[in-house]
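**Q** Structure below; questions to follow.
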Amino acid sequence: MTDVQITYVGGPTVLIEVGGWRILTDPTFDPPGKRYFFGWGTASKKLQGPAVAFDDLGPIDAVLISHDHHGDNLDPTGRELLPRMGQIVTTAPGAKRLGGDALGLQPWQTTTLAAEGKEDIEITATPCRHGPPGSKPIVGEVVGFALKWAGQEHGVLWITGDTVLYDGVREVPKRLDVGTVVVHMGGVTFPWLSGPLRYTMNAQEAVELCGALDPTTIVPIHFEGWKHFRQGRSAAKTVIGASPLAGRTRWLEPGTAESIAV
């Protein structure tokens, strides 16, 4: 279980295949054109649909939802499809909202995916702050996910979730040996509400974080497909391409399964 297949569906949504497990992150399958409201007058329009239709992905064993209450991380179509996605792992408040067998984790809590004939995968929730200081009452609870299994050569696979760079995220390299990081970027801002203050990392902050992590592989996602993303693929590639991390970065093509050594 040293190689992982990752398929970039769009926005925050990727399919991770390893050791017989098929794990989906932040399901967004609405067509483009819809408008999403995030609270406090903030909103965005979806500009791109999924690169792969849900029915073409194949069976899903588990779904990791960094937060359920924003439509750019769990949209109406993704929500309707949840009963077909196996075990749901999300925030503690999100699990209460979603109900059923949804499992909620607080930061640094751990659970294990286990099934006959498959290697166990340990999932640890990691801290996120989806906005500037003091924004939690507005943006709500968010978590990232670190995945660990036997046989990893370089370290855990970490999905940052929607977060800015702050002390909670800086704690991750102190606690975990990260080999592969799937980093949410986009440099989201809502200028009328909070000026230049960000709600997700931009590429400059991703470079700073990854410099502390020292991962083998960096997989940027969450930078295209919605109007509120302020730093798209081209600008982010320029920033990371000029950094010492350029050679470690894998820019996934939408809809194509790519193999990554973990």
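The values are calculated or read from the model by the stated rules, or taken from the named source; none is laboratory data. Because the structure is predicted, anything quoted here is derived from the model rather than measured. Neighbour counts run over all protein chains shown; Cβ positions are idealised from the backbone, glycine included. What goes into the accessible areas is simple: the full protein's heavy atoms, side chains included, and nothing from ligands, DNA or RNA. Shrake-Rupley method; radii C 1.70, N 1.55, O 1.52, S 1.80 Å.
**Q** What net charge is computed for the residues neighbouring Val181, neighbours being all others with C-beta under 12 Å from the C-beta of Val181, Lys and Arg scored +1, Asp and Glu -1?
**A** Within the 12 Å Cβ shell, the charges total 0.
**Q** Shifting gears a bit: Across the Cα atoms of segment 17-112, what radius of gyration and what greatest pairwise Cα-Cα distance (Dmax) are found, in Å?
**A** Just the Cα atoms of segment 17-112 yield Rg and Dmax of 13.8, 43 Å.
**Q** Only Lys, Arg, Asp and Glu count, each charged at its Cβ (+1, +1, -1, -1), so figure out the dipole size of the chain about its Cα centre, rounded to 20 debye.
**A** 980
**Q** Here is a further query. With both partners inside segment 1-153, how many of the DSSP beta bridges are antiparallel, as a percent to the nearest 5?
**A** If we restrict to bridges inside segment 1-153, about 70 percent are antiparallel.
**Q** While we're here: Round to the nearest 0.05 the FRET efficiency obtained for Trp251 and Asp177 when R0 = 25 Å and r is the Cβ-Cβ distance.
**A** The formula returns an efficiency of 0.55 here.
**Q** Another question, then. Order 128-139, 180-191 from most to least packed using the mean count of other Cβ atoms within 10 Å.
**A** The peptides rank, most packed first, as 180-191, 128-139.
**Q** If you don't mind, there's one more thing I want to ask. Carbon and sulfur together cover what percent of the accessible area of segment 60-203 at a 1.4 Å probe radius?
**A** 49
**Q** What net charge is computed for the residues neighbouring Asp3, neighbours being all others with C-beta under 11 Å from the C-beta of Asp3, Lys and Arg scored +1, Asp and Glu -1?
**A** Taking every Cβ under 11 Å from that of Asp3, the sum is -3.
**Q** Just order 211-222, 74-85 by mean Cβ neighbour count inside 10 Å, highest at the front, would you?
**A** Going from most to least packed, we get 211-222, 74-85.
**Q** Pull up the cross-link candidates among the lysines for Lys46, meaning alpha carbon to alpha carbon under 16 Å and not fewer than 8 places away within one chain.
**A** Lys34, Lys227
**Q** Using only the Cα atoms of segment 47-161, construct the convex hull and provide its projected area averaged over every direction, in square nanometres to one decimal.
**A** 8.8
**Q** If I model a spin label at Asp214 and Trp40 as a point 7 Å from the Cα along the Cα→Cβ vector, what separation in nanometres do I get?
**A** 3.7
**Q** Net charge near Val219: determine it from the other residues with C-beta under 11 Å of the C-beta of Val219, scoring Lys and Arg +1 and Asp and Glu -1.
**A** +1
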